[in-house]
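Beneath this line is the structure, given in structure tokens, with notes to follow.
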Amino acid sequence: MSSFRSILLVAVAVLSPMLAVPARAEPVSFDAKDGVKIYGDFREAEGKPRGTILLFHMAGSNRNEYAPLAPVLNKAGFATLAIDQRSGGDLWGHVNETAAKARGSADYADALPDLEAAIAYGNAKHSGSLAVWGSSYSSALVFIVAARHPEVKALLAFSPAEYIQGYSIEKAAASLSIPVFITSAPDSSEVSSGEALARAVPGHRAVQYTPAIGVHGSSTLRTDEDPRGAAENWKHVMVFLDTALPRR
């Protein structure tokens, strides 16, 4: 599929009122290495599958951050797995099951085993290339896990920065050999943080997109959070995916 045709299809899909009703999601659960049970929603790809995208949320959030976004990716041929991380909360009118049942507070870095468990689940249960997608604090975590896991073939980071105490996200970025997409709100501090990480990725494999209209994290693609910018921002995401994980 050409990039131009992909852009047109995504624009139509994003603006369609049908996407107000999420595609059917299969609730799943699996254990992290430390025994914490991780809860998520898995959605099958529509048409010929081209890979699986693992979707990780921002602070105070949960898998419902992706309820209106996953169906767009499904229509583009990707299966999706969105999880509740133990560092999160009850935004979007949804209880974060992982956080609620794990009990106690959790720092951002404490969610690393959750992301690694999702990678193991995606790799074992679903065929095709794996991509990791992070929002705000998890957009930093995805650099760490991608550096550890060669089965990850692409990375998308929405508003990344050095959020994680005890880790250098720039150092993790410098070890990657996969395509990387970085975007943010059109805010000077977010843009400069993204620039530093894009420069760190070797071989000019990183694409940095600064939207004219956008908001923090993956919400930049939600029409309820970014009604004037979401459709344009989706175009750039899909062009990246068509390049990094093309249809076969």
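Only the coordinates and a few stated rules stand behind these numbers; no lab work does. Values in this document were obtained by computation on a predicted structure and should not be read as measured data. Here the Cβ is made from the backbone with ideal geometry for all residues, glycine too, and neighbour counts use every protein chain on show.
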Along segment 192-208, Karplus-curve 3J(HN,Hα) (6.51, -1.76, 1.60; θ = phi - 60°) to the nearest Hz, with x for Gly and Pro, reads 5, 5, x, 4, 4, 6, 4, 5, 6, 5, x, x, 6, 7, 8, 10, 10
³J(HN,Hα) computed for each position of segment 231-248 - Karplus, 6.51 cos²θ - 1.76 cosθ + 1.60, integer Hz, glycine/proline x = 4, 5, 5, 4, 4, 5, 4, 6, 4, 4, 5, 5, 7, 6, 10, x, 5, 9
Computed FRET efficiency, Cβ-Cβ of residue 90 and residue 165, R0 22 Å: what is it to the nearest 0.05?
-> 0.35
Dmax and Rg, reported as Rg then Dmax, of the chain (C-alpha, Å) | 16.3, 48
Which ³J(HN,Hα) values, rounded to whole Hz and listed in residue order, are derived for segment 36-47 from phi using the Karplus coefficients 6.51, -1.76 and 1.60 in 6.51 cos²θ - 1.76 cosθ + 1.60 with θ = phi - 60°, glycine and proline given as x?
-> 5, 7, 9, 10, x, 10, 10, 10, 6, 6, 9, x
Name the aspartates and glutamates eligible as straight-distance cross-link partners of residue 37: C-alpha to C-alpha under 15 Å, and not fewer than 8 places from it in the same chain.
-> 84, 97, 110, 114, 116
Net lengthening on full extension, residue 187/residue 28 (0.36 nm per residue, minus Cα-Cα) | 53.6 nm
Rounded to two decimals, what ratio of Rg to Rh does segment 123-183 give with C-alpha atoms and a Kirkwood Rh?
-> 0.96
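Give me the number: length gained by fully extending residue 120 to residue 105, i.e. 0.36 nm times residue separation minus the C-alpha to C-alpha distance, one decimal in nm.
This chain segment gains 2.9 nm when fully extended.
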Quick one: which of 48/235; 171/235; 75/125; 75/171; 33/171 span more than 32 angstrom between C-alpha atoms?
-> 75/171
Cβ-based net charge around residue 189, under 13 Å, with every Lys or Arg adding one and every Asp or Glu removing one | -4
State to the nearest 20 debye the size of the charge dipole of the chain about its Cα centre, where the only charges are +1 on K and R beta carbons and -1 on D and E beta carbons.
-> 860
